[in-house]
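Working notes, beginning with the structure itself.
Nothing in this text is a laboratory measurement; each read-out follows from the coordinates by a stated rule. Keep in mind that what you see is a predicted model, and the values were worked out from it rather than measured. Reconstructed Cβ throughout: ideal geometry from the backbone, glycine too, with neighbour counts over all protein chains shown.
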Amino acid sequence: MSMNSLENLSNEFFSEIFDYINGCDIYRAFSNLNYRFEQLLNSSHILFKIKINYSTDDEKTMNELQQVWMDATDSNMNISLPMASNHELTSIEHLIIDHPCCFNQLNNILSYVPQVSYLKFFSVNDNEIDMKNISSMRLSYLTYFYIEAYHMEFDTFEMLIKNLNIKLKYFSLKIYTDDMNYLHAFRWENLLLKHLPNLEEFYLKSITTFENNHQPSIYQGKINEFFSSFWCQRQWILEINIDSNEIIYYIHSHKKRWYEFNIEEKNNSTIEQLEKCEILFSLPHLDSLKLNTISTSYPRCLTEEELIQSYCLISRNKITKVCLQKIDRIEEAYFILALCSHIEQLRINSLKDINVELFLRSFFIEIQRREIPTLKLLCICVPTADDKMMKKLETMIKNENLLWNFTMKRLMDQIYIQWK
């Protein structure tokens, strides 16, 4: 009697059998057996058979979902996604695709999110784009678009923008490329005027790297090409930074320039507060300041000479914009208020474990006590921020008379509070 192995059966036979079995059960029984079964399990025919049971409350939550962050734990897995049908449309407004995805795949993904207003997208080596496919994208609500791309030629990018029917207010492009056409001021001017006329904020970061003794192209244009009325009216400028590994070209708002002091060795990156003050003392015309941390762990008494120096620094500095990467204690924000008497804008990227309500209450009481007339804008980054939190914070500020004549808005996890 002949013996037959299970592996001798055809793929078609397994497909017919799998039609009668739930996808989760198929995975439990056949995963990690061998390469052939792995290929079968990763086919779209099997993947779309997987059904996850959830309660009515979970279903309601999914229907009301407003934001999705897509990441790839397995970069080798390739799943084709069909176009969405009418009953598969979602109410998602914020979509972050944090893994490589080509523009030709993007159309299928966006078919599920017709109300998307915020899109962050990561593309690699994408120079063969089907422009007919791009033209069919439904992006009626899209106002914020962030692209990070590798080696996409400017000609391709230009055609992409021309074929996208979008009304952006905010556009940011981070591109790794040697293509110097990305720095062609007149081409950018024509592209933005004709195809993105509603644009309010524009950011470009073009990175050219030195790899394997490769000598990249260098920008040969003139800086004054970015001094036409178009660029001056919008206060968008070109900035070039050069280091040992790369050249970075920026186009960004003149208002948001930051001066950063970096230490090469991370293990020696702690600087005495007075040493920082000495640095600031030597930059009397500094307008913007960005700090990673401020340590208040080991306070000490100042000498008379240090007191005089600190007083001179406070009275002389002209810093109006401050960005703190993180604070551990509310007192660190108070230190900035004491140091920068002309501060107009303060941004804090992480409150760490500080309660948001407690921070805002204490902060606004402190600025009332100090009587700082110039400070009019506060931005804090809160990962858990949502509409419910915004409403709660607004009610607290009004009921406790912490501010008068103020406005609040949220962009993703960033809370902006502006007052007069």
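Each of D353 and L193 was given a label point 7 Å from its Cα along the Cα-to-Cβ line. The distance between the two points is 5.6 nm.
Give the calculated FRET efficiency between D130 and M412 to the nearest 0.05, with a Förster radius of 35 Å applied to their Cβ-Cβ distance. It would help to have the intermediate numbers written out before the result.
Details: r = 30 Å, r/R0 = 0.86.
With R0 = 35 Å, the Cβ-Cβ based efficiency is 0.70.
Summing charges over neighbours of C381, with a neighbour being any other residue whose Cβ is under 10 Å away from its Cβ, gives +1 when K and R count +1 and D and E count -1. Backbone phi angles across region 193-199, fed through the Karplus curve with coefficients 6.51, -1.76 and 1.60 (θ = phi - 60°), yield HN-Hα couplings of 5, 7, 10, 9, x, 8, 5 Hz in residue order; Gly and Pro are listed as x. To check you understand DSSP bridge types, tell me what percent of the beta bridges within region 330-420 (both residues inside) are antiparallel, rounded to 5. Counting only bridges with both partners in region 330-420, antiparallel ones make up about 75 percent.
Applying 0.36 nm per residue to the separation of K162 and E366 and subtracting their alpha-carbon distance, the gain on full extension is 68.4 nm.
In order along region 344-351, the Karplus-derived 3J(HN,Hα) couplings, from 6.51 cos²θ - 1.76 cosθ + 1.60 at θ = phi - 60°, round to 10, 9, 10, 10, 10, 7, 7, 8 Hz, and Gly and Pro are given as x. In plain terms, the residue of C323, C340 with the fewest other Cβ atoms within 10 Å comes first and the most crowded comes last, giving C323, C340. Between the amide H of L403 and any residue lying 5 or more places away or on another chain, no distance stays under 5 Å, with hydrogens modeled in the peptide plane.
Extending 7 Å from Cα along the Cβ direction at S253 and again at H285 yields two label points whose distance is 2.4 nm.
Return the tail of the calculated pair distribution for region 104-175, meaning the percent of Cα-Cα pairs more than 17 Å apart. If you can, show how the numbers build up before the last one.
On the way: 1005 of 2556 pairs.
That tail contains 39 percent of the Cα-Cα pairs.
Taking amide H atoms as placed 1.01 Å from N in the peptide plane, the amide H of I175 lies under 5 Å from those of A149, K205, S206, I207, each 5 or more residues away in sequence or on another chain. Using 0.36 nm per residue and subtracting the Cα-Cα separation, the extra length available between D155 and C232 on full extension is 25.2 nm.
Using the Cβ-Cβ distance between N401 and S91 with R0 set to 30 Å, the FRET efficiency works out to roughly 0.25.
Rounded to the nearest Hz, the phi-derived 3J(HN,Hα) couplings of region 237-242 under the Karplus curve 6.51 cos²θ - 1.76 cosθ + 1.60 (θ = phi - 60°) are 10, 9, 10, 10, 10, 10, where x marks glycine and proline.
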